[in-house]
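> Sharing a structure below in structure tokens format, with a few things to ask.
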Amino acid sequence: MKTEMHVVKLPTAHLLKLKSYCELHHVTLIEHESLSLILRKSASFSLSSLVCIDLKLSKCTQLFNQIDGITKTIRLVILSNQDHQYHQKLLELGCRGVINLDSEPSAIFNAFNAIVNNELWYPRCVLSSAYSALLSKYQRDNKCTLDCEGLTEKESEITTYLIQGYQNKEIASLLHVSVNTVKSHVQHILKKTGLSNRGQLSRSKRR
């Protein structure tokens, strides 16, 4: 299926760069009168289509409201030479990338090629920030809070070692008890805390 690129009217210099890319890569360039017209027709676009929106054509808040939800069915690209202020929000809304049409043609071509191949095109600092936020959320979601109420003093001490990743043999050596004694304590700890295995303990934090 041939790729289509849908755009609202652009400055001549920018439009020429897009036309050059489309001719070289056999992409059909389709110009529209307004952003609202593109968005109304977007449901009929093929999944391989690119919809390119100039960020300067609309107030950002209004644009965010307009594109929210449509990125599940189309590959939306933002054309902008603005700073990174709004890039994080655009990424969260599902936009495939932000391309500066004031860049050299080779850079623009590389950006479109990446997006056509289902990659993202954002400044590295934006992607790094998004990755850090995603990683923090994952770590929060996968880290349970351990209720140690009801544990004996010895069980509480062993729990601290388990959270730190110590193995039974290491704990036994530190407490001068047998490995079997540690295993018995671990079973009591799991039962009292409602956890099913020591892996959950090692990912926990005490409350």
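The values are calculated or read from the model by the stated rules, or taken from the named source; none is laboratory data. This is a predicted model, so every value here is computed, not measured. Quick reminder, even Gly has a Cβ in these numbers, built from the backbone with ideal geometry, and neighbours come from all protein chains shown.
> Suppose we keep only residues that are over 13 Å from Leu76 (Cβ atoms) and of a type in the set (D, E, K, R) within segment 93-114. Which one would you say is surrounded by the most Cβ atoms within 10 Å (Cβ to Cβ)?
Per the stated criteria, the residue is Asp102.
> Sort out which residues of segment 161-182 are under 41 Å from the mean Cα position of the chain (by Cα) and surrounded by fewer than 14 Cβ atoms within 10 Å (Cβ to Cβ), and write them in order of number.
Gln164, Gly165, Gln167, Lys169 - these are the residues of segment 161-182 that are under 41 Å from the mean Cα position of the chain (by Cα) and surrounded by fewer than 14 Cβ atoms within 10 Å (Cβ to Cβ).
> Next question. Select the helices (runs of 4 or more DSSP H) contained entirely in segment 95-207, then report the ones holding at least 1 residues which are modelled with pLDDT under 85 and over 30 Å from Thr28 (Cα atoms).
In segment 95-207, 124-141, 153-163, 179-193, 198-202 are the helices (runs of 4 or more DSSP H) which contain 1 or more residues that are modelled with pLDDT under 85 and over 30 Å from Thr28 (Cα atoms).
> Which one of the conditions (1) at pLDDT 80 or above; (2) within 21 Å of Tyr122 (Cα to Cα) does Ser20 fail to meet, given that it meets all the rest?
(2)
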